[in-house]
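Data first, discussion second: the structure below is written as structure tokens.
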Amino acid sequence: MIARALLLLLLLSGPLAAQEAVRLVYLGLEADPYYAPQQLYTGLSLRDHHRPLEGLQLGLRDTRVLGRALGLGFELAEVTAAAEDLPQALAAIEESRPVAILMDLPPEDMAAALRAAGPETLFVNIRDRGDRWRREGCAANLLHTMPSDSMLSDALAQYLRARNWTEVLLVHGTTPADEDQLRAARGSAAKFGLRIVAERAFELSNDPRQRARSNIALLTGDARYDVVWLVDDLGDFGRVLPYATYAPRPVVGSEGLVPRAWHWTFERYGAPQLNQRFRRLAGRDMSSEDWAAWAAVKALAEAAVQAGSAGREELRAALRAPDLSVDLYKGVRGNFRPWNGQLRQPLLLATSNAVIAVAPVEGFAHETDTLDTLGQDRTESACAR
């Protein structure tokens with residue numbers, strides 16, 4: 001049984017009876033561990049995540065003008081289900097014939113949802129960064145507004161190359177997410193001419209024989225490097241790495257300078273206004289996940305404008321069209337790559353309280369679209385859509 005199904009009818013421009021309806025569904029996992037507070041034994045809570053519902057709601061609010069102009073109304077259903085109930089939840093969702101399902105699921109549940117749904121059901125991934133969904137695990141009915149691990153690591157590698165910080169010490173954790181991001185970092189280093197001088201795995205242990213793998217100074221010693229590239233998805237050790245390395249070097253990756261889809265301090269291209277609108281709505285700063293949810297609604301609204309209709313087939317065709325142009329509030333308009341469904345977008349390189357650079361970094365060119373220097377290009381993708 002579906003544990004929670006709340007239908008929010010957001011009628012953005014008058015009575016729905018006089019409008020065509022664009023039906024969207026948010027699909028999340030009940031009791032998702034991703035949204036459980038990550039507390040240490042001392043009571044500190046690290047990297048708390050919020051469901052990106054306010055991002056979706058802000059996206060819907062931002063469609064009011066379009067709705068009035070086109071006579072379109074937008075409906076959002078919020079559905080959460082236990083993992084074992086996803087097939088039944090999807091069957092119920094598909095009966096309502098939504099234009100798209102906005103998917104906020106862990107990787108194994110994403111795979112289950114894609115297997116359970118029919119090929120005509122369109123999913124938009126607003127959370128998972130895994131490259132598998134843009135490569136061998138891609139699907140013709142799957143789009144992504146969240147940037148991939150490779151896009152994020154490419155953005156960082158471009159910046160390091162531009163600064164001539166080419167000698168890299170790679171320090172990483174050992175979770176599955178760390179392994180995914182580690183592969184992306186290696187690929188980006190090779191792609192942009194960085195040299196990984198050493199790789200060091202952090203392991204928290206009381207075994208004195210493992211002291212060199214749990215002591216930051218020892219972990220970062222005995223090597224010459226320009227920068228430390230940190231991969232620590234959980235944030236359980238990387239937070240103490242800056243200013244504690246053996247050599248006085250900058251830290252990038254999971255801490256220090258971090259590649260992101262969005263940051264609350266971005267000050268250009270209308271970003272302050274978007275951040276202020278979100279803060280008024282949610283009472284907190286906009287995260288990358290919130291932005292990816294907002295961007296999904298924004299893309300669907302732009303597709304509705306281009307199609308001039310709420311019809312599923314017409315709107316979906318417009319969504320995939322090469323001339324789709326979505327204002328992402330990052331200076332360059334985006335659309336979806338035809339080979340793997342990834343939203344083209346600039347990425348922000350930010351510290352905790354400032355955006356330092358925007359990627360693609362100046363000087364990195366592409367034969368057709370500079371945004372395609374981030375992530376899998378057409379010739380690099382293993383996606384067979």
| query | Contour minus end-to-end for THR368 and ALA111, with contour as 0.36 nm per residue of separation and end-to-end as the Cα-Cα distance? | reply | 89.3 nm
| Which of [x] 43, 25, 24; [y] 37, 23, 19; [z] 32, 25, 22 is the computed semi-axes √(5λ) of the Cα gyration tensor in Å for the structure on display? | [y]
| task | Could you tell me which of PRO87, SER150, THR121 has its Cα farthest along the dipole of the chain towards the positive end, charges placed at Cβ (Lys, Arg +1; Asp, Glu -1), taken about the Cα centre? | result | SER150
| said: If packing is taken as the average count of other Cβ atoms within 10 Å, what order do 223-233, 295-305 fall into, highest mean first? | reply: 295-305, 223-233
| field | Cα lying deepest toward the dipole's positive end in the chain, options ALA295, GLY71, GLN276, charges on Cβ | value | GLN276
| field | Potential extension, ARG64-ALA247 segment - 0.36 nm per residue separation minus Cα distance | value | 60.5 nm
| task | For ARG23, enumerate residues with amide H under 5 Å from its amide H, sequence gap 5+ or separate chain, H modeled in the peptide plane. | result | GLU75, VAL99
| 9 Å beta-carbon shell around ASP226, net charge (K/R +1, D/E -1) | +2
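Can you tell me how much longer the chain between ARG183 and VAL240 gets when fully stretched, taken as 0.36 nm per residue apart minus their C-alpha distance, in nm with one decimal?
Additional length available on full extension: 18.2 nm.
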| Based on the Cβ-Cβ distance of ARG378 and ILE356, what FRET efficiency does E = 1/(1 + (r/R0)^6) give at R0 = 41 Å, to the nearest 0.05? | 0.85
| query | Tell me, what is the percent relative contact order of the chain, built from C-alpha pairs under 8 Å that lie six or more residues apart? | reply | 19 percent
| task | Sum -39500 (n - 2.57) across every DSSP H segment of at least 4 residues in the chain, then divide by the residue count to get the 222 nm mean residue ellipticity, nearest 500. | result | -9000 deg cm²/dmol
| Relative contact order of the stretch 94-198: what whole-number percent is it, with Cα pairs under 8 angstrom and at least 6 residues apart? | 23 percent
| request: Report the charge-dipole magnitude of the stretch 126-193 in Debye, nearest 20, computed about the Cα centre from +1 at each Lys and Arg Cβ and -1 at each Asp and Glu Cβ. | output: 200 debye
| note | Toy charge model, Lys and Arg Cβ at +1, Asp and Glu Cβ at -1: the chain dipole around Cα centroid in debye, rounded to 20, equals 820 debye
| query | Per residue, how many Å² of accessible area does the stretch 122-237 show with a 1.4 Å probe? | reply | 40 Å²
| request: Take the alpha carbon gyration tensor of the stretch 64-216, find the square roots of its eigenvalues, order them as a ≥ b ≥ c, and report rounded if a/c is under 1.5; if not, report prolate when a/b exceeds b/c, else oblate. | output: prolate
| note | Carbon/sulfur accessible area of the chain, % of total, 1.4 Å probe, equals 50 percent
| Positive-end extreme of charge dipole, the stretch 311-385 - chosen from LEU315, VAL361, PRO346 (charges on Cβ) | LEU315
| With each label point set 7 Å from Cα along the Cα-Cβ vector, what nm distance links ALA198 and ALA92? | 5.5 nm
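The values are calculated or read from the model by the stated rules, or taken from the named source; none is laboratory data. All of these numbers come straight from a predicted model, not from anything done at the bench. Quick reminder, even Gly has a Cβ in these numbers, built from the backbone with ideal geometry, and neighbours come from all protein chains shown. These accessible areas exclude ligands, DNA and RNA; they are computed on the full protein's heavy atoms, side chains included. Shrake-Rupley method; radii C 1.70, N 1.55, O 1.52, S 1.80 Å.
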